[in-house]
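Rule-based calculations on the coordinates, nothing more; no lab input. Note that this is a predicted model, so its numbers are computed, not measured. Note that we place each Cβ from the backbone using ideal geometry, even for glycine, and neighbour counts take in every protein chain shown.
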Amino acid sequence: MFVRYGIPALRRNNFQQSPFAADWFGRNNLGDYTYKFCRLNSSSHLETITTHICKDDKWVQMFLNVFEVKPSLQCLEQLQVINGLQYNLVPNKLTSMRLREDDFKGIPLFNTVHHKLDSFYTKNGFKTSVKKLSNLIESDLNNINEFISRWHELHTPLITNWEGETLPSDDRSKIL
């Protein structure tokens with residue numbers, strides 16, 4: 001369902017398959033599925049969306065993160081020779097936001113919409129649950145800019161070099 005509805009929605013929003021050499025796109029070594037997408041926004045920030053679909057799990061986990069890469073990138077293809085592993089490690093991972101889980105406002109008790117397959121007991125119940133989750137994923141990824149705006153309310157982009165290593169605060173002042 002993610003391949004059918006999620007990937008086209010991300011592509012409509014100018015996201016591309018991650019150019020990093022070490023990033024997964026499809027089935028990984030554990031038999032799970034991982035998809036990583038990136039785009040450069042108008043402010044030259046690198047926006048990443050990582051989706052994990054674990055086997056025998058009802059959740060579709062989507063994580064959003066934004067980085068300010070220095071020196072500025074002109075296009076994503078410039079990152080093709082980089083392995084990109086550092087973007088997935090601490091401290092960069094600390095600003096990662098899971099869609100529909102880390103961005104809610106108000107009391108967490110009332111956050112009832114998740115990227116999760118609902119319980120079902122019949123074949124029709126399964127089909128209904130899949131359709132509901134598919135519609136939610138497509139809707140959320142079509143409106144990904146709203147989640148990115150919410151990310152910016154909660155976090156500030158980390159300044160990194162092309163390899164994903166955060167720049168020390170003294171280097172940041174030289175760049176700004």
Here are labelled values, [x] 36.0, 107; [y] 16.6, 56; [z] 17.2, 62, and one is the computed Rg and Dmax of the Cα atoms in Å for what I pasted. Which one?
[z]
Between 0 and 90 degrees, rounded to the nearest ten: what's the tilt of helix 144-154 against the longest Cα principal axis of the chain?
60 degrees
Shape verdict for the range 1-84, please, from the Cα gyration tensor: rounded (a/c under 1.5), prolate (a/b greater than b/c) or oblate.
prolate
Report the charge-dipole magnitude of the chain in Debye, nearest 20, computed about the Cα centre from +1 at each Lys and Arg Cβ and -1 at each Asp and Glu Cβ.
740 debye
For the range 49-100 versus the range 1-23, the gap between their alpha-carbon centres in whole angstrom
12 Å
Pairing the Cα long axis of helix 123-142 with the longest principal axis of the chain, what angle in degrees results, from 0 to 90 and rounded to the nearest 10?
20 degrees
Computed FRET efficiency, Cβ-Cβ of His114 and Glu146, R0 25 Å: what is it to the nearest 0.05?
0.90
Which FRET efficiency, nearest 0.05, do His155 and Lys58 yield, Cβ-Cβ r, R0 22 Å?
0.20
